[in-house]
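Any read-out appearing in this document is the output of simple, stated calculations on the displayed coordinates, not a laboratory observation. Because the structure is a prediction, the values reported are computed rather than measured. Note that each Cβ is placed from the backbone with ideal geometry, even for glycine, and that neighbours are counted across all protein chains shown.
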Amino acid sequence: MEAHKNSDEKSGITTGSVATAASVAAILTLTDKAPEVIEITAPNDELTVEIEDNKLLSEDKAISTVRKPTYNDPDVTRGILIKSEVTLTDDTGNVEITAGEGVGKITKSGLQIPVGEYAINPVPRKMIKTNVKKYLPENKGAIVKIIIPEGKEIAPKTMNSRLGIIDGISILGTTGIARPMSSKAYTDSLKIQIDVAIANKYEDLLFVPGNIGTRIANERLVIDDDAIIEMSNFVGYMLDEADKTGKIKSITLFGHAGKLIKIAAGIFNTKQSVADARREIMTAYTALIGADKKTLQAVYDCITTEDVIKILDKKGITTEVFELIADKIIELCNSKYNIEFHAIIAKMDGTILTPSKMKDIPFEWKN
C-alpha cells in the first residue's frame with residue numbers, strides 16, 4: 001500500500017483522491033467514528049490519506065477536511081484544503097455528487113462534463129461514489145457536496161478560465177496519483193484546449209508557448225480566447241494531438257522569439273533543461289544572411305534573445321534573420337503534419353519581427 005503524506009515526494013495525490021478521502025471520512029464520521037487516517041481505492045492503487053478535520057453537523061450530516069499533500073511540482077493546488085459535506089438520504093444505494101464554493105462550473109462544450117455541471121471529472125466522480133458506497137448504511141443513500149475554500153482565489157493561476165470553467169477549480173485525476181508537470185497528466189490538460197476549440201467550431205488556431213504569447217496575441221490580434229492554444233514546452237506533443245483530430249485547417253505559431261526559434265532547429269520540446277540552443281540557432285541564421293565574423297561572435301556571446309535582437313537592429317538585419325527562421329519553422333512543421341502552418345515571431349514588447357508573414361495568417365490585426 002502506498003502512503004502519500006504531506007512531504008516533498010516526487011508524486012502526490014490528485015484533487016480527485018483528496019475529495020474522495022474527505023467524502024469517506026465524512027460518511028465514517030456519521031456511521032462509525034471520526035477517522036484520522038483513511039484508505040481509499042483509486043483506479044491504479046490503494047491510497048492512505050491523512051484527515052485534517054471532521055465535524056458532525058447533525059445526525060445525518062457531517063463534513064470532513066483533507067489538505068492536499070505537497071509533492072515535487074509547482075502545481076498551485078498543493079496544500080489546499082478540500083472539504084466534503086455528506087448528507088444521508090433515503091434514496092437507497094444512490095450517491096449524488098454536487099459541489100459548492102470553490103468548485104468551478106462548466107460553461108463551454110468540449111470537456112468531459114456537460115455545460116452547466118460542476119467541474120468534477122468522470123474518474124473522480126466514480127471514485128467518490130465507489131468509495132462512499134462501501135460505507136452507506138442499509139437502505140440509505142448520500143449527497144456528497146465538495147467544497148474548496150481557496151478554489152475561486154487560485155483559479156486564475158490555472159488554465160480553467162481558458163477552458164470555460166468559472167468561479168473555481170476542477171476536480172481532476174485519472175489514476176488518483178499526481179505526478180510532476182512533465183507527466184501525461186499535464187500534457188492531457190494542455191490537449192483539452194484543442195478539444196474545446198474544436199467543439200466551438202474553430203478550424204484556424206493560434207498556438208503560443210505561454211502567457212507572453214497570449215498577452216501579445218490579445219494586444220495585436222482580433223481573436224477569440226478559445227482559438228488561442230497554450231502549448232507550454234510541449235510543441236511536438238500539441239502539434240501531434242492537433243493533427244490527429246483531422247479537424248484543424250491551420251495553425252499559426254505565435255510568440256516570443258526565445259521559445260519559437262528552437263523549432264527552427266527541429267527542437268519540439270522547448271524546455272530549457274531538454275534543449276537550449278538559442279545562441280547557436282541565432283548565430284547560424286545570422287551567418288546564413290551573410291553577417292561578418294565580429295557580428296556572429298557578438299550574437300554568440302549574448303545571454304538572451306532580446307540582447308541578440310539589439311545587435312541585429314544595429315546592423316539592420318533583424319527582419320531578414322527572423323523571417324529566415326520563420327520560413328524554416330513553417331517548412332519543418334509542414335513536412336511533419338497535414339496542417340497549414342504560419343509563424344509570427346515577436347519581441348517581448350509585442351513588436352513583430354517577421355512583418356512579411358503578418359498578411360498570411362487567418363486572423364485580423366488590430367490597428
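For the reader, a short list of remarks on this structure follows.
- Per-residue ellipticity at 222 nm computed for the chain from its helices equals -10000 deg cm²/dmol, with DSSP H segments shorter than 4 residues left out and the rest contributing -39,500 (n - 2.57).
- Equivalent-ellipsoid semi-axes of the stretch 180-291, from the Cα gyration tensor, Å, largest first: 25, 17, 13
- Helix axis angle, 235-245 relative to the chain longest principal axis, alpha carbon, degrees: 70
- DSSP-defined beta bridges in the stretch 2-178 - what % are antiparallel, rounded to 5: 75
- Percent of beta bridges antiparallel (DSSP, the chain, rounded to nearest 5): 55
- Zone of N200's modelled label, taken as backbone nitrogen in the stretch 346-367 under 18 Å from a point 7 Å along Cα→Cβ: 362-364
- Angle between the chain longest axis and helix 15-31 axis [Cα atoms, degrees, rounded to 10]: 10
- Alpha-carbon gyration tensor eigenvalues x 5, square-rooted, for the chain, Å: 49, 21, 16
- Euclidean distance between Cα centres, the stretch 239-268 to the stretch 58-130, Å: 35
- Angle between the chain longest axis and helix 318-336 axis [Cα atoms, degrees, rounded to 10]: 60
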